[in-house]
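The values are calculated or read from the model by the stated rules, or taken from the named source; none is laboratory data. Owing to the predicted nature of the structure, the values given are computational and were not obtained by experimental measurement. As a convention, Cβ positions derive from the backbone with ideal geometry for all residues, glycine included, and neighbour counts pool all protein chains shown.
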Amino acid sequence: MVVLKGVKSVILFIFLSVSVFSKAAVTVSEQSPIAIGSELVIKSDILNEEIFLKIALPSNFALSSELHTYPVIFIVGKHGHEYFHAVSGVVKHLADVERMPETIVVSIDGGSPSPDIYHNDMFGSQPSEKWPSWGEPEKYHQFYQNELFPFLEKQYRANNKRSVVAISTSSFFPFNNLIHDKHLFDTYIFLAAADIIGMGHAPNKSMIDGLAARLSKEPKTNPLVFFAVADDDLKKQEKYQANVNKLENRLSKIKDLPFTLKVYDNEGHYDALIKTMLDVLEIKYPKSLWSAKYRDIVAKPGNALQNLDKYFDQLSERYGFTILPRATRWNSVNRLGYISTHLIRQNRAAEALEIAKRYTEYQPKSWQAYESLAKAFEANENSTQAIANANVALQFAGSEQNKQRLMQYIKQLTSTVE
C-alpha cells in the first residue's frame, strides 16, 4: 500500500508540473549560428587530391590591418580534426587576454602520412614487422612548403612561425620530419605517443635514437620539443614507461636543447590535451612578457606611444616577427582604445591623439577606432576634425544603437562649432 501511494503521489506531481509549465510557453527564435572556424577544401597539385582543412582565425582578424601577421598552430591527422575545437578554444582565450600572440589554428585531415615504420612490437598484434604505412611523406612535405604555407600567407597573413600538435598515431609525419631535418615547424608538441617513440625507421631502432642523433647536432638552433604523456598510458605496459625514461635520459643530456617532457598524473590518453596546450604555450609565451600593463608603460618618462613601441619592438625582436600593441580587447584597460581615453584624463591630449591615430592605423574599419580619434581631436580643441572622424565612425557602425549614439555625439560637437 505504501508503494502504491508513493506511485500515485509521483503521478500527481508530474501531472501538476506539466499543467503549470504548459501555461508558461517559451518563444524561441532562431539566431545566427556561432562561427568557431571555417572548413576549406584545397586542391593540391602536388598530391593530386583534395585536402580538407579547418581554420580558426584570431578574434580581431577581420578588423585588423595588413600590418598584422600571425603565427600558425597546425594539428595534424584525424586527431587534429577531432580536437580542432579544443585547441582553437584554448588559443582564442589566451590570445584574447594577451597571454600569447593572436594565432591562426589549422587542422589538416590526412595531413600526417605514415612513412615506413618498424613498430618493434609497440602497438598490439601486427601481421608484419612494419606499420601499415600510407601516403607519401616527401610529397606532403612539398605540399606544406610549396602550397599550404604560401596559401595561408596570402589569404590570412600567416607568418613563418609555425607549431605542430601531433597526437598518438598522427605523430608519425612530424617525427619523420623532425628526425630527417625537413624543417617545417619551430615547435613540435607530441601527446599520447609513448608507444610511437619506441617504433623506428629501421628494425630495432627507435624514434628516440633518431631524435637524439638529430637534436644533438645544433641544440641551440633546434625547434622547441614538448613531449606529453598521461600516467594512465604508462601504467598499461612497462615498455611505454621504458620508452619515456629512455627519451628523457637521451635528450636531457643534450646541452641547451629546448626540450620538455611532462607526465600528467591522473590523466587518460587524450585527456591531457588541454593541460598540454596550457603548459607548452606558457613555455613559449611566459606571462611575465605577455601580460603587458599598458598604463604602467605609458606612465614611464617620455612619450606614451614611443614607450609602447619600445616595449613591443623588444618583444618582436625576441620572437622574430612583428608584434603590435593590441588596438582593442574586451573588458580590458590594456588596449590602445582605453589608453587614448586614459591620457585625455591625464591632460596629455597630444599623446592621446597619437595613440588614437595608431588605433585607426591598426583597425582602419573599426567605428570604435574613429570614435576614439574623434574624442582625441575634441580633447585637442579641434572640433572640425572631431566631427569628420565621428562621421567616419558612423559609416562603419553596424547597429542602430551605435549609430544613434554617434549621431548624438556629432550633434553635440556641431553645436560647439556653431
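Tabulated data
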| item | result |
| --- | --- |
| Filter result for the condition that a residue is without any contact (Cβ under 8 Å) to a residue 60 or more places away in the chain and either of a type in the set (A, V, I, L, M, F, W, C) or over 27 Å from Y140 (Cα atoms) (or both), over A95, A86 | A95 |
| Check on A193, under 23 Å from D116 (Cβ atoms), of a type in the set (A, V, I, L, M, F, W, C) and either assigned by TED's automatic domain parsing to the domain that holds P115 or not in a helix (DSSP H, G or I) (or both) | yes |
| Helices (runs of 4 or more DSSP H) wholly inside the range 97-183 containing at least 3 residues that are crowded, with 19+ Cβ neighbours inside 10 Å | 137-143, 172-179 |
| The range 329-342, subset hydrophobic (A, V, I, L, M, F, W, C) and not in a helix (DSSP H, G or I), residue farthest from Q368 (Cα to Cα) | V333 |
| Total residues in the range 345-402, condition β-branched (V, I, T) and over 34 Å from the mean Cα position of the chain (by Cα) | 2 |
| Close pairs from the range 308-334: first in the same structural domain as P58 (by TED's automatic domain parsing), partner in a loop (DSSP other than H, G, I, E, B), Cβ under 9 Å, at least 6 apart | none |
| Qualifying residue in the range 235-257 (condition: over 22 Å from the mean Cα position of the chain (by Cα), farther than 30 Å from G210 by Cβ, at pLDDT 95 or above and polar (S, T, N, Q)) | no |
| Residue check for G200: over 17 Å from F185 (Cα atoms) and in contact with a Gly (Cβ under 8 Å, 6 or more places away or on another chain) | yes |
| Test: T260 is of a type in the set (S, T, Y) and in contact with a helix residue (DSSP H, G or I) (Cβ under 9 Å, 6 or more places away or on another chain) | yes |
| In the range 68-96, the residues that are in contact with a Ser or Thr (Cβ under 7 Å, 6 or more places away or on another chain) and in a loop (DSSP other than H, G, I, E, B) | T69 |
| Where T328 falls short, out of the listed (1) in contact with a Gly (Cβ under 7 Å, 6 or more places away or on another chain); (2) surrounded by fewer than 14 Cβ atoms within 10 Å (Cβ to Cβ) | (2) |
| Candidates H68, H81 - the one that is in contact with an Asp or Glu (Cβ under 6 Å, 6 or more places away or on another chain), surrounded by 13 or more Cβ atoms within 10 Å (Cβ to Cβ) and either in contact (Cβ under 8 Å) with a residue 24 or more places away in the chain or within 24 Å of R326 (Cβ to Cβ) (or both) | H81 |
| Some residue of the range 23-36 being of a type in the set (A, V, I, L, M) and either in a helix (DSSP H, G or I) or at pLDDT 90 or above (or both) | no |
| Matching helices (runs of 4 or more DSSP H) fully within the range 210-328 where at least 2 residues are among the basic types (K, R) and over 20 Å from H93 (Cα atoms) | 231-236, 238-252, 304-319 |
| Output for the range 230-259, where each listed residue is under 26 Å from M100 (Cα atoms) and surrounded by 15 or more Cβ atoms within 10 Å (Cβ to Cβ) | A230, L257, P258, F259 |
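Here is a yes/no grid of residues against (1) without any contact (Cβ under 8 Å) to a residue 24 or more places away in the chain; (2) under 30 Å from A202 (Cα atoms); (3) out of contact with any Phe, Trp or Tyr (no Cβ under 6 Å at 6 or more places or on another chain):
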| site | (1), (2), (3) |
| --- | --- |
| E147 | no, no, yes |
| F151 | no, no, yes |
| A158 | no, no, no |
| V164 | no, yes, no |
| N176 | no, yes, yes |
